[in-house]
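The structure appears right after this line, and notes come after that.
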Amino acid sequence: MNDEEERRFREFVAARSPALMRTATLLTGGDVHAAEDLLQTALAKAAARWGRLESPEAYLRQVLYRQQVSLWRLLRTRRETTVAELPEAVREDPAEAAELRIQIRRALARLTPHQRAMLVLRYFEDAPEREVAELLGCSVGTVRSTTHRALAKLRKLVPELDPGAASRSPELGNSPSEVRK
């Protein structure tokens, strides 16, 4: 957009924004914030084509309508479904979550710096094994074995982290010695 087109666009926006905002507000059901977003989207699209538009206001109104219809269609497919009975709400106890975080921090502190680095790079940074090996100057096999041992140690220190622990729990009668029989 050259300087002259930009000046004309700014003048158009200053002159026609109130009327276009009213239209956008009506289209969004009175939601002023959604209307501002809708108008901004339409103006951005118009600015990109400003030099080629024969009737800018007609184009903007068409964009407003089509953008809002697209939003309605999107929302219609994402509606909640009604059911006869409400599901039971699962409320996580914040104290339990805090306790688990504390246990994890303590368990991480008991790992070697090398093990902690492996876990942070692999699971927090989501780095592939090859990249971790290059960063730490070791082989991919070392990354795998160290990560495996570090996770095993974490699971031992914080049993809540091991999803399979309940199925192997002696209280449930599935101790490793019983499984071998």
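A single member of Ala109, Ala15, Ala97 is in a helix (DSSP H, G or I) and modelled with pLDDT of 90 or more, and it is Ala15. Residue check: is Leu121 farther than 26 Å from Glu96 by Cβ, at pLDDT below 85 and open to solvent by less than 60 Å² (accessible area, probe 1.4 Å)? So Leu121 fits the description; yes. When Gly137 is tested against (1) open to solvent by less than 80 Å² (accessible area, probe 1.4 Å); (2) modelled with pLDDT under 80, exactly one condition is not met: (2).
Within the range 39-54, the set of residues being out of contact with any Ser or Thr (no Cβ under 9 Å at 6 or more places or on another chain) and in contact (Cβ under 8 Å) with a residue 12 or more places away in the chain comprises Thr41, Ala42, Lys45, Ala46, Ala47, Trp50, Gly51.
If you check Arg180, Arg144, Arg168, Arg130 for being modelled with pLDDT under 80, farther than 25 Å from Leu100 by Cα and not acidic (Asp, Glu), only one passes: Arg180. Listed by first and then second residue, the pairs linking a residue in the range 96-111 that is within 8 Å of Val158 (Cβ to Cβ) to a residue that is of a type in the set (Asp, Glu) and open to solvent by 70 Å² or more (accessible area, probe 1.4 Å), with Cβ atoms under 8 Å apart and 6 or more places separating them unless they lie on different chains, are Leu100/Glu160; Gln103/Glu160.
Residues of the range 74-94 that are modelled with pLDDT of 70 or more and assigned to a helix (DSSP H, G or I): Leu74, Pro94. Under the condition of being part of a loop (DSSP other than H, G, I, E, B) and open to solvent by 60 Å² or more (accessible area, probe 1.4 Å), which residue from the range 37-54 is farthest from Arg7 (Cα to Cα)? The qualifying residue farthest from Arg7 (Cα to Cα) is Glu54.
The values are calculated or read from the model by the stated rules, or taken from the named source; none is laboratory data. Keep in mind it's a predicted model, so treat the numbers as computed, not measured. Methodologically, a virtual Cβ is constructed for each residue, glycine included, from the backbone with ideal geometry; neighbour enumeration extends over all protein chains shown. When the accessible area is computed, the model is the full protein with side chains, heavy atoms only, and any ligands, DNA or RNA have been set aside. Shrake-Rupley method; radii C 1.70, N 1.55, O 1.52, S 1.80 Å.
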